[in-house]
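Report on the structure given below.
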Amino acid sequence: MFPLIIGIVFVALVVIALFAVMRSRTSPTQAKSYPANLPVLDTGLKAIDLLAPLPRSGDVLISGDPGAGAKTIAGEMMYRLQNHPSLPYQTLCLLDAGSKDAEVMSAEFSETLPDSIQRRMVQSIATRDVMDLVQQSSRESRCAIVVFSQDERFIHLFRDAIREMRTEIPASSRLLAIIVTESMHWTTCDATVYFSQSVAESGVYPALDPQRSSSRLSDDPRVPAHRREIAARLRRLLADVVESLYPDALGDPQWMFNQRGANKAQGQAFRFLSQLLFTAEPYTGKKAACIAADDAAIWFRQILDGQFEQLPPQSFLYQNKLPH
Ligand SMILES: Nc1ncnc2c1ncn2[C@@H]1O[C@H](COP(=O)(O)OP(=O)(O)OP(=O)(O)O)[C@@H](O)[C@H]1O
């Protein structure tokens, strides 16, 4: 009888251990679900979801200072769209063949992105290309076109093609068009995500510039009020932090945002905007995560309320959860 009980306990422990391993291997992108009634496309990147929320369809600009990481985040965004847990997008990546770094980008994306994301190098954009994608996508799925170019004429042709198609094909109202280009700013996009060199130099990636990034959804009443409130608070506070940055400010114990009180909390919140990327996992060996914006909003409020005064600011860098 006794050996039988030991045997049963042993088998039960093995089953529990196997279950735990399987759970830990579940991709974080599969683990979370998102509310279906939001107009927002949550990417699981807390800086973007709170400070420059993306629309589920419409026009998005991803831009930034040279070397600030706009292209890296655009690649990550394609990955997250294609693998989105509740709102997967059929994603097409178009690279302007005239860009000097088109070949390099193509090679990089073939390493970091799954083959399910279609990639094409094109000389020009035609309405036909855009229409084909929209017509291929099924009734249930969404589609996104992500265009990389530094050529204003190319980008204008793309925007014309999108505009023309939106008037001609009703299904294209579900299209998300993302333009990735350097150092440009339009106010006519639904969301602009801008990356700043000074933030990048401080080692906080995504190096989102809270002042030059914007979204028409920031004031949308359909976005939960607590998310909008914390985003507005973060935007104001981070503007001070970003203005005070200098190379290696984060490592300088004398930097005012490493000191005590409200300043220290702002410095912690600034670092907590950093996030690991799925596309970088093979290189860093560190697990990325899809962080729910509602969780992020609560965590940022706790940080800004000064609940972690005892923790060193550096412990907030590249964390998928609050440090303890
Ligand atoms: N999220 C990130 N995490 C860590 N490092 C990053 C991140 N984003 C960018 N970098 C670093 O910054 C470098 C430049 O990134 P990226 O090529 O995306 O910048 P860019 O501004 O789009 O392009 P360019 O360098 O052509 O101006 C990368 O090679 C990488 O070293």
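Computed from the coordinates by the stated procedures, all read-outs in this text should not be read as laboratory data. Please read all numbers here as calculations on a predicted model, not as lab measurements. In this analysis, Cβ positions are derived from the backbone assuming ideal geometry, glycine residues included, and neighbour counts consider all displayed protein chains.
Which number in (1) surrounded by fewer than 17 Cβ atoms within 10 Å (Cβ to Cβ); (2) part of a strand (DSSP E or B); (3) within 16 Å of the ligand (Cβ to nearest atom) marks the one condition that ARG120 misses?
(3)
Could you list, in sequence order, the residues of region 223-253 that are closer than 26 Å to SER63 by Cβ and not in a helix (DSSP H, G or I)?
Of everything in region 223-253, those that are closer than 26 Å to SER63 by Cβ and not in a helix (DSSP H, G or I) turn out to be VAL223, SER244, LEU245, TYR246, PRO247, ASP248, ALA249, LEU250.
Please verify whether region 252-267 includes one or more residues that are away from the ligand (no atom under 16 Å from the Cβ), under 19 Å from the mean Cα position of the chain (by Cα) and crowded, with 18+ Cβ neighbours inside 10 Å.
no
How many of the residues in region 57-103 are more than 9 Å from the ligand (Cβ to nearest atom) and part of a helix (DSSP H, G or I)?
8
In region 164-213, which residue that is touching a helix residue (DSSP H, G or I) at 6+ places or on another chain (Cβ under 9 Å), polar (S, T, N, Q) and away from the ligand (no atom under 16 Å from the Cβ) is nearest to LEU61 (Cα to Cα)?
Applying the filter and picking the extreme gives THR188.
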